[in-house]
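Read the figures in this text as sums done on the coordinates, not as results from a lab. This one's a predicted model, so the numbers in the text were calculated from it and none came from an experiment. Counting neighbours? That spans all protein chains shown, and the Cβs are built from the backbone with ideal geometry, glycine included.
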Amino acid sequence: MLTTNPYDDDKLREECGVFGVAGADGAAALVALGLHALQHRGQEAAGITSWDGTHFHTHRAMGHVAGNFDRDEVIRALPGTVACGHVRYSTTGETALRNVQPLYAELASGGFAVAHNGNISNAIHLRRELVQRGSIFQSTSDTETIIHLVATSGYRDLLDRFIDALKQIEGAYSLICMTPEGMIACRDPLGVRPLVMGKLGDSFIFASETVALDVVGADFVRAIDPGEMVIVKDGELRSLRPFSAIAPRPCIFEWVYFSRPDSIAEDRSVYSVRKAIGAQLALESGVEADIVVPVPDSGVPAAIGYAQESGIPFELGIIRSHYVGRTFIQPSAEVRRLGVKLKHNANRDLIHGKRIILVDDSIVRGTTSLKIVEMMREAGAAEVHMRIASPPTTHSCFYGVDTPERSKLLAAKLNVQGMADFIKADSLAFISIDGLYRALGESERRSVLPKYCDACFTGDYPTPLTDHNEQALTQLALLDEPA
Ligand code: SF4
């Protein structure tokens, strides 16, 4: 039996990455390369759609980009100078080929393909209304709602229909769409998820992160602004701002964990910000120890920052195997129990007799932290102090990040001492929310309109959560029903 990620590393997961090319020969091959660089944003499925001037072509598959888009015949079947693609890890919609993007539909205006990074927080509400009006959905993906809203809009022009659709949706979206006219890239008014633009010769490139521009040799031009819609038609670029301006709230967790450290955002390198977060963590929660050890790979930059600020040597006390896939043959219970050692193993000789500061980016359920602390003790650590480069994750994300329901988040159930006891650490500390903002160049978190979405640490969601609230009301109503 195939199962998904039995060696669950207990991380929040970014749901998607998008990449688009407008105006380059062999566009699909470039998209495949770009998606490869965005693989960390979604490892469950991948897809590419191209336009050859007459027809749309699509290939979508479960699994990684490599393995699906590394064969000539697959790329040759995606001809044209315009193409967009998507990597996916599902949160909304089940794991099935019908939910793999780009989604495509034939509208009255012609073909329409869409690749979406984010999550629509009123998709179920809108879907119910659309189905009542006769829409027939082909998938369970929230993204399909956008297509139906475009199809049923009362406006004539496709762009007006698209804007009309987007004005009805809540939540987070960075979109790359294709029509016979060209490519549209846009970002929700809060700019929750990233989207950047580059140039490769005369062609325009759009991507979730700059690292994907690097891999195809494109120059970074700028980020798409929150609420901006960029249209590429006949080799010309036009920018629209069809939404009322509101204060942006990009996801702060992109800085902590989701984005690749070699990406650039807001003119800063993600790597240097992660080091600054680690340095701030050291200032806030110093402890006497012999070595600073990262939980690889995501804890590495913060651990370097922690070590530099504290003066305690940085050492690779845990070695990570890069050959543990997310999809694996279902193991026996015993193999599953040992699973964490397949991915992480203690560097025994280094650990023995030492007081260790373990640095990781976050604690979600706490299960992996517990196993890693136990692994340090088995390797002979004298003390294990855990330091976390984000505040306690107390709330679920509704904007395109896979989080367990709130009741499963360790920080929603226990205070910091309770969490330390649970993971069996000698001490545990998290960076403060103000400290995180400080590492990002702010003096503190503003209580009114903070600069970032930080809802998973504060519960301060920047949009209404229509589906979530309606679901809660339904559950309450069921509880009230007489038995
Ligand atoms: S809730 Fe957390 S993970 Fe989700 S968008 Fe906001 S900061 Fe990012």
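Fully extended, how many nm does the chain gain between residue 199 and residue 448 (0.36 nm per residue separation, minus their Cα-Cα distance)? Numbers along the way, then the final one.
Working: separation 249, 0.36 × 249 = 89.64 nm, distance 3.71 nm.
So the chain would gain 85.9 nm between residue 199 and residue 448.
What's the angle, to the nearest 10 degrees (0 to 90), between helix 27-37's Cα axis and the longest principal axis of the chain?
20
What are the principal axis extents of the Cα atoms in region 186-243, in Å, biggest first?
Result, largest extent first: 32, 26, 11 Å.
Per DSSP helix of 4 or more residues, -39500 (n - 2.57); summed, then divided by the residues of the chain. What does that give at 222 nm, rounded to the nearest 500?
Details: 17 runs with 143 residues, N = 483.
My calculation for the chain gives -8000 deg cm²/dmol from helical runs alone.
From the C-alpha coordinates alone, can you work out the Kirkwood hydrodynamic radius of region 2-250, in Å?
Details: mean 1/r = 0.0561 Å⁻¹.
Across region 2-250, the inverse of the average 1/r is 17.8 Å.
Under a Cβ-Cβ cut-off of 15 Å, what is the net charge of the residues other than residue 416 that fall near it, where Lys and Arg count +1 and Asp and Glu count -1? Could the numbers behind the result be given before it?
Working: positive: 387, 413, 424; negative: 284, 360, 421, 426.
Combined, the nearby Lys, Arg, Asp and Glu give -1.
Take the residue pairs 371/451; 167/199; 233/275 and return only those whose Cα atoms are more than 32 Å apart. Intermediate results must be reported in sequence, preceding the final value.
Values: 371/451 35 Å; 167/199 29 Å; 233/275 41 Å.
Check vs 32 Å cut-off fails for 371/451; 233/275.
Compute the Rg/Rh shape ratio of region 364-436: radius of gyration over Kirkwood radius, all on alpha-carbon atoms.
My calculation of the ratio gives 1.00.
What is the P(r) of the chain, as percent of Cα-Cα pairs per 10 Å bin from 0?
Reading upward from the zero bin: 4, 19, 29, 25, 15, 6, 1, 0.
Take the Cα atoms of region 209-304, find their three principal axes, and give me the spread along each one in whole Å, biggest first.
61, 34, 17
Multiplying the sequence separation of residue 97 and residue 349 by 0.36 nm and subtracting their Cα-Cα distance, what value in nm do you get? It would help to have the intermediate numbers written out before the result.
On the way: separation 252, 0.36 × 252 = 90.72 nm, distance 4.65 nm.
This chain segment gains 86.1 nm when fully extended.
Which order do the peptides 57-63, 190-196, 379-385 take when ranked by the mean count of other beta-carbon atoms within 10 Å per residue, highest first? Don't skip to the answer; put the middle values down first.
On the way: 57-63: 17.3, 190-196: 26.3, 379-385: 19.9.
The peptides rank, most packed first, as 190-196, 379-385, 57-63.
Using amide H atoms built 1.01 Å from N in the peptide plane, name the residues 5+ places from residue 170, or on other chains, whose amide H lies under 5 Å from its own.
Under 5 Å from the amide H of residue 170 lie the amide H atoms of 121, 122, each far enough along the sequence or on another chain.
Return the whole-Å distance between the Cα centroid of region 193-251 and the Cα centroid of region 48-122.
19
At q = 0.12, 0.20 Å⁻¹, what base-10 log of I(q)/I(0) does the Debye formula yield for region 269-458 when every alpha carbon is treated as an equal point scatterer in vacuo?
Reported log10 I(q)/I(0), two decimals: -0.59, -1.50.
Take the alpha carbon gyration tensor of region 355-483, find the square roots of its eigenvalues, order them as a ≥ b ≥ c, and report rounded if a/c is under 1.5; if not, report prolate when a/b exceeds b/c, else oblate. Walk me through the intermediate numbers first.
On the way: a/c = 3.06, a/b = 1.42, b/c = 2.15.
It comes out oblate by the Cα gyration axes.
Do me a favour and compute the ellipsoid semi-axes for region 117-220 from its Cα gyration tensor, root of five times each eigenvalue, largest one first, whole Å.
Working: eigenvalues 164, 48, 25 Å².
Those come to 29, 15, 11 Å.
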